[in-house]
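Notes for the one structure printed next.
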Amino acid sequence: MKCKKCGTEIAEKALVCFRCGTATFEPVVKPPTGRARPGSRLPTIAALLVLVLAALYMSQAAAGQAPRFVSWVIAGLAVVVLAWRLIVRRRP
């Protein structure tokens, strides 16, 4: 048998050409493309924002200057991000 790409004589049962590395047959199952879904970065950015806000809050809380509503905002954002991630993972 000859290689489709370079024309080198290869064994009949060869999976790839020993010279150029070209496959001798088409794959039965094609691997998925490595592209991410368009909206998959939004939860990551939101989680990063929550972490930054939490760090700022903790620095103020250590100094005794943190307002109480900030802790509720951070907790609310964390719940929204977690809920979003759970909803996205359950989609087919």
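Since every read-out is calculated from the coordinates, none of them should be taken as a lab result. All values derive from a computational prediction rather than experimental measurement. When we count neighbours, we look across all protein chains shown, and the Cβ atoms used for this are built from the backbone with ideal geometry, even at glycine.
Can you give the charge dipole size of the chain about its Cα centre, rounded to the nearest 20 debye, using +1 on the beta carbon of Lys and Arg and -1 on the beta carbon of Asp and Glu?
280
Using helices alone, I'd like the mean residue ellipticity at 222 nm for the chain: each DSSP H run of four-plus residues gives -39500 (n - 2.57), total over residue count, nearest 500.
My calculation for the chain gives -17000 deg cm²/dmol from helical runs alone.
For S71, S59, which order do you get if you count the other beta carbons within 10 Å of each Cβ and list the fewest first?
Going from least to most buried by this count: S59, S71.
Going by alpha carbons, how many degrees (0 to 90, nearest 10) lie between the helix axis of 68-90 and the longest principal axis of the chain?
20
For the chain, modelled as a Gaussian network with Cα springs under 10 Å, which listed residue fluctuates most, R19, R41, R68?
Evaluated over the chain, the most mobile residue of the options is R19.
Out of residues 5 or more away from V16 or on other chains, whose amide H comes under 5 Å of its own, with H placed 1.01 Å from N in the peptide plane?
Residues meeting the amide H criterion: T24.
Beta carbons within 10 angstrom, averaged per residue: use that to sort the peptides 82-90, 46-54, highest first.
Result, highest mean first: 46-54, 82-90.
Which three semi-axes in whole Å describe the equivalent ellipsoid of segment 41-90, each the square root of 5 times a Cα gyration tensor eigenvalue, listed largest first?
Its equivalent ellipsoid spans semi-axes of 25, 11, 6 Å.
What nm value, rounded to one decimal, do you get for the distance between I87 and L53 when each label is placed 7 Å out toward the C-beta?
A separation of 1.7 nm, rounded to one decimal place.
If I compute Cα extents along the principal axes in Å from the structure I just sent, which labelled value in [x] 33, 29, 22; [y] 51, 31, 18; [z] 78, 29, 18 lines up?
Evaluating Cα extents along the principal axes in Å on these atoms matches [z].
For A11 and V70, calculate 0.36 nm times their separation in residues minus their Cα-Cα distance, and state this gained length in nm to one decimal.
The span from A11 to V70 would gain 14.2 nm if fully extended.
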